[in-house]
1. Can you report the number of residues in the range B:423-444 which are of a type in the set (Lys, Arg) and exposed (fewer than 14 other Cβ atoms within 10 Å of the Cβ)?
2. Return yes or no: is A:Tyr370 in the same structural domain as A:Pro286 (by TED's automatic domain parsing) and under 24 Å from B:Leu35 (Cα atoms)?
3. So A:Gly219 passes all but one of these: (1) free of Cβ contacts under 8 Å to residues at least 60 places away in the same chain; (2) within 8 Å of chain B (Cβ to nearest Cβ). Which condition number does it fail?
4. Please report, ordered by residue number, the helices (runs of 4 or more DSSP H) entirely within the range B:572-664 with at least 2 residues that are closer than 26 Å to A:Arg61 by Cβ.
5. Give me the pairs, please: first residue somewhere in the range A:100-122 and touching a residue at least 24 places away in the same chain (Cβ under 8 Å), second residue anywhere and of a type in the set (Lys, Arg) and assigned to a strand (DSSP E or B), beta-carbon distance under 9 Å, and either six or more positions apart or on two chains.
6. I'm told A:Ser417 meets every condition in (1) in contact (Cβ under 8 Å) with a residue 60 or more places away in the chain; (2) not in a loop (DSSP other than H, G, I, E, B) except one. Can you identify the failing condition by its number?
7. So how many residues does the range B:342-385 have that are closer than 27 Å to B:Asp299 by Cβ and in a strand (DSSP E or B)?
8. Output yes when any residue across the range A:119-135 is surrounded by fewer than 13 Cβ atoms within 10 Å (Cβ to Cβ), modelled with pLDDT of 90 or more, more than 14 Å from every other protein chain (Cβ to nearest Cβ) and not in a helix (DSSP H, G or I), and no when none is.
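The values are calculated or read from the model by the stated rules, or taken from the named source; none is laboratory data. Owing to the predicted nature of the structure, the values given are computational and were not obtained by experimental measurement. Don't worry about glycine lacking a Cβ; one is built from the backbone with ideal geometry, like all the others, and counts go over all protein chains shown. For the accessible areas, the whole protein counts, side chains as well, though only heavy atoms, and no ligand, DNA or RNA atoms are used. Shrake-Rupley method; radii C 1.70, N 1.55, O 1.52, S 1.80 Å.
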Protein chains: 2
Amino acid sequence: MSISLAESKKAVPFSREQLESVLKRRFFFAPSFELYGGVSGLYDYGPPGCAFQANIIDIWRKHFVLHEDMLEVDCSMLTPYDVLKTSGHVDKFSDYMSKDPKTGEIFRVDHLIEEVLEARLKGDKQARGQSADISANADKDNKKEQKKKKINLKVKALKLDDKVIEEYETILAKIDGFNLEELTEIMEVHKIGSPVTGNKLEKPISFNLMFETAIGPSGQLKGYLRPETAQGQFLNFSKLYDFNNLKMPFASASIGKSFRNEISPRSGLLRVREFLMAEIEHFVDPNNKSHDRFDEIKDLKLKFLPRDVQQAGKTIPIEVSIDQAVSTKMVDNQTLGYFLGRIYLFLTKIGVDTEKVRFRQHMANEMAHYAADCWDAELLTSYGWIECVGCADRSAYDLTVHAKKTKTNLVVRESLSEPVVTETVELSIQKKNFGPKFRKDGSKVENWLLKRTEEDLIKLQKELNENGKIKFNVPTIDYDIELDKNFIDIQKVTRKEHIREYTPNVIEPSFGLGRIIYCVYEHQFWARSEDPTRGVLSFPPIVAPTKVLLVPLSNHDDLLPIVKNLSKVLRSEQIPFKVDDSSTSIGKRYSRNDELGTPFGITIDFDTVTDHSITLRDRDSTKQVRGTIEEVIGAIKKMTYNHLSWAEGTKDLKVFESKIEDEE
Amino acid sequence: MSISLAESKKAVPFSREQLESVLKRRFFFAPSFELYGGVSGLYDYGPPGCAFQANIIDIWRKHFVLHEDMLEVDCSMLTPYDVLKTSGHVDKFSDYMSKDPKTGEIFRVDHLIEEVLEARLKGDKQARGQSADISANADKDNKKEQKKKKINLKVKALKLDDKVIEEYETILAKIDGFNLEELTEIMEVHKIGSPVTGNKLEKPISFNLMFETAIGPSGQLKGYLRPETAQGQFLNFSKLYDFNNLKMPFASASIGKSFRNEISPRSGLLRVREFLMAEIEHFVDPNNKSHDRFDEIKDLKLKFLPRDVQQAGKTIPIEVSIDQAVSTKMVDNQTLGYFLGRIYLFLTKIGVDTEKVRFRQHMANEMAHYAADCWDAELLTSYGWIECVGCADRSAYDLTVHAKKTKTNLVVRESLSEPVVTETVELSIQKKNFGPKFRKDGSKVENWLLKRTEEDLIKLQKELNENGKIKFNVPTIDYDIELDKNFIDIQKVTRKEHIREYTPNVIEPSFGLGRIIYCVYEHQFWARSEDPTRGVLSFPPIVAPTKVLLVPLSNHDDLLPIVKNLSKVLRSEQIPFKVDDSSTSIGKRYSRNDELGTPFGITIDFDTVTDHSITLRDRDSTKQVRGTIEEVIGAIKKMTYNHLSWAEGTKDLKVFESKIEDEE
């Protein structure tokens, strides 16, 4: 066997079916309420999935919250209508849907159009005798998440007009940007009906994706399950700012479940109705978006897919350092760049393949109108590139809308070390003289004056100083107005401001942890080339649900006390482990645990009884070493918590050759 | 100062108002959506509350899940109607409410009756010139949570008839057990209206406490937010049993939010609409509820308040070992006893006062009909005794109802080492002879025979053997029936069973973590006798939100690099800390952190610049010691993670006298 581990991992082509079968068999996850027929888009995490998730949360918290002294909060999921009306979710957090009037089946319109047109384009290729793999669309498939894995449209070989092909391709390129009227027209013009029954569908309607409920017994306080964890953080801004001793900038963070009532969720764990998010809201001075730890990550090279590259229809990313990306203004500011770097470090720490991460900038039409810049960390999977982390500069939008609606001040008041001097032109009016002169027209004249811009006032000041009076017309008064210094005065005023008041901008890294977890599963799954039915999940030890499998060679009485003692040691060292003392062969027991992603195995055999030595097995290479209990546990701790490789961690242990793996 | 720390902690009487003011000022929690006027029963945890909660979860997971190899799962909160219909929640998870027809205000009926009658009894005492503190009710106040802190009914001095007093007291004693009709009658008879307006209230109605929503775009799949985390665990029983390699007994566990649409939540953090639970479902053989780790906790002495003591109207608990409680059958079985012990150890580890925990057994009418036994861990607070952990033996109820409804088998099939031999009497019928003899009555005779009990069959067998035939009457046939061995045979049959099939029983420890957290706040809060405005939260270091406060004496340039360096060291040791370099006096800074419950303070002064020594301060005693950075950090780690006391942890460090605390 001369091939390397890395080569061996790639020898058997990846099979999503095999991965899913392992994940379900080993109860990483299962459809919720399966006994009752299940509910699409809802999943339960079983013991390994749940432990994996807990490890990811723990690492996220250390990597972000502790590392940067963020202020973590835990806010209510139930959210009253008013809050989400202000944030814009009541009006805009929706997709379009269309119903088959005969079967009642409901389709998400943009996905449906995409699926149908792509199937027709494939049919056209087939009719023309070309490969069904549409090269024109390969870029696109590569660029965007494929959401259409399960309808499995039948492709009919049918040649299309060149003009029609062009139309279809234009629609597909812009599919995320159409409004209700445009989608309705596309369905009409291109005769898109149900792909299942062929029926004409009902006119599309907008469907809000929030779960609605009523809070309290009267039924009158309408509420929703939160669609994101951000709003709770914005609403607590003042308390957090205060908690931070009025220091800026600072970040809050929150980890918790959010909800999205998907119209017809497919794509397994990637599109679900209840999901775990982790969100950071970094509050920053709009005039200074530098970051004082930028140096820590500035030399990291990332794969960027900026707006202009995408506009040119290309998908080959630009690989440059974050420093360069920020200094060329490709990435808007240091803080945004800093977070892109930290996101990358987090993702690769937990097992995302470095070759399968890119940062894609949002196109102008994808971004909310208020956003200054937005980058998604996308991970490559068998479903295409999946958006897993968003990182947006949301400007002052959120704090501004909530402040306005609740008539509160969500601002920072900063003492200036040097006062700022401002010059303005100010108008003063001798009100008491207006009545006698203008009677009922007095207030009209006054209002006209008060509405003058600074520029107008400068001109009027000049006229007043030169002529001793000003002349003007007020649209609703049919005579000329003349005023002298008994009525008005216009002066330049100089002010010193010692306090600067501003609404902080928000930079928001937002993580879909469930999606990231699924991507790690895909990135770390492979099958042994010597037996492709044997799947392995090569999780980094730090995220593996269980670190060690304890395997006695048999259930012989001599071995049981050793298992018990070793369990006690592992427990006191707080190393998560499992014992497998079933009567299955050792090879089978290790196979089972390769599927669970357990990085280390300890075998207890009859030599252990006499010399107290144990065998340590590496999940990925199946290599084994032998040493004392202390040595082996020491090696496990170094490889798990200090990130040492197998070679580094076991260099002081004896290589152990055994026939055990062959028994399988 | 000769008084001890323990005495000093009790010198100033506890004030709930002071505690709440500290908790809000330091943003342990705040009403959710306060900018929008708030929603009662919903709270956000700010940074210290959130960190405290995360520490509690971490300890819970280590104490239960890791310690016992439980199978942790994370299940959906959205739950379809059918599941909760089967579990009984759709029909029974409700309270009774009554509306003021004029103002629309809604009252929870049982609480209202309690409040009004107690106010009348107090008024009677006043009219009789007795103390308003009703001694007859002191027991009751002591026994049960007081839920009525905020209406603050006005007490009118009005003498009542002795008979009326007796009636009121009977009602109050049974208040938890009344049904809708009984409550309606009490309101009618005793003229209980709105305590706010005096209006007569509408007839009480039942109000289901689950939040309802619709899943999916059709609006037709009715769902609820889960009222507990248990159902997801029951539904996954077979997968978990399988994951556990078909070994029994085993436990699953789940930590997550649940929801309860309280009618009118008061009592702050104790009665909320969204709350964090941690639940264990221990699946066990109904014939063997022993626990193999019972010895670990059997000698622990707990305060038990069993059913018979309560029935006798007493509230003085019995303090015995768990071993004794189980062997006398006061606690039903070992597994239940084991969990009571583990619950006690968990609670006291995180800061519950050992003097303020008791275990109260449910009265027969409090328990569900299927429960075999149930004990609540109750914690004493200023609201009275609060139910914080339930520990119930739920028998086979949950698995049985779901299995029946979904027509699946939720059972354990156990191979028996010794087959079980059973003897039965079996009937065999020669069907083909029945038709010719009885015509249309044939099946009636057959059915009659098939319905015989084993006892009947033994008699018939005897008759058949003695007479060669049997005679009997079938109710729907008007002639005598006679059958000989050509028609039937009755034989004793001996069977060997190698497999035993049974539905596991469930023992369920269920933790209201939010309530426990509030109780720890109360148990650990005190005010310094030298200045009662200075509150302290004396959390055990392991649960404290922040372990160390880093305080430079001033913002002098010489001190800043030391702060930076020490921060780096603390971060790399993963010790949660905060820096307070504000210009406030050191005393004020420490005061602020006493309110945050930070156990240790490190002061950096100008001596540090020259000799690298730092001062370590104890939150509780305000004692200080001095040593090198390594020594101090070593001491902090020992006191935080190895549970050493201040005296033990700092015995090698020099005592440091300073005037710093006096500055405050």
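1. Residues of the range B:423-444 of a type in the set (Lys, Arg): B:431-432, B:437, B:439-440, B:444.
Still in the list and also exposed (fewer than 14 other Cβ atoms within 10 Å of the Cβ): B:431-432, B:439-440.
Number of matching residues: 4.
2. Details: in the same structural domain as A:Pro286 (by TED's automatic domain parsing): yes; under 24 Å from B:Leu35 (Cα atoms): yes.
Yes.
3. (2)
4. Values: elements: B:586-595, B:606-611, B:629-641, B:646-649.
Here the list reads B:586-595, B:629-641.
5. Once the first residue is touching a residue at least 24 places away in the same chain (Cβ under 8 Å) and sits in the range A:100-122, its partners that are of a type in the set (Lys, Arg) and assigned to a strand (DSSP E or B) give A:Glu105/A:Lys99; A:Ile106/A:Lys99; A:Phe107/A:Lys99.
6. Among (1) in contact (Cβ under 8 Å) with a residue 60 or more places away in the chain; (2) not in a loop (DSSP other than H, G, I, E, B), the lone unmet condition for A:Ser417 is (1).
7. From the range B:342-385, those closer than 27 Å to B:Asp299 by Cβ are B:342-362, B:372-380, B:385; that's our starting set.
Subsequent filtering for residues that are in a strand (DSSP E or B) retains B:357-361, B:373-380, B:385.
Selection size over the range B:342-385: 14.
8. Taking the range A:119-135 first, the residues surrounded by fewer than 13 Cβ atoms within 10 Å (Cβ to Cβ) are A:128-133, A:135.
From what is left, the residues that are modelled with pLDDT of 90 or more are none.
No, the range A:119-135 contains no residue that is surrounded by fewer than 13 Cβ atoms within 10 Å (Cβ to Cβ), modelled with pLDDT of 90 or more, more than 14 Å from every other protein chain (Cβ to nearest Cβ) and not in a helix (DSSP H, G or I).
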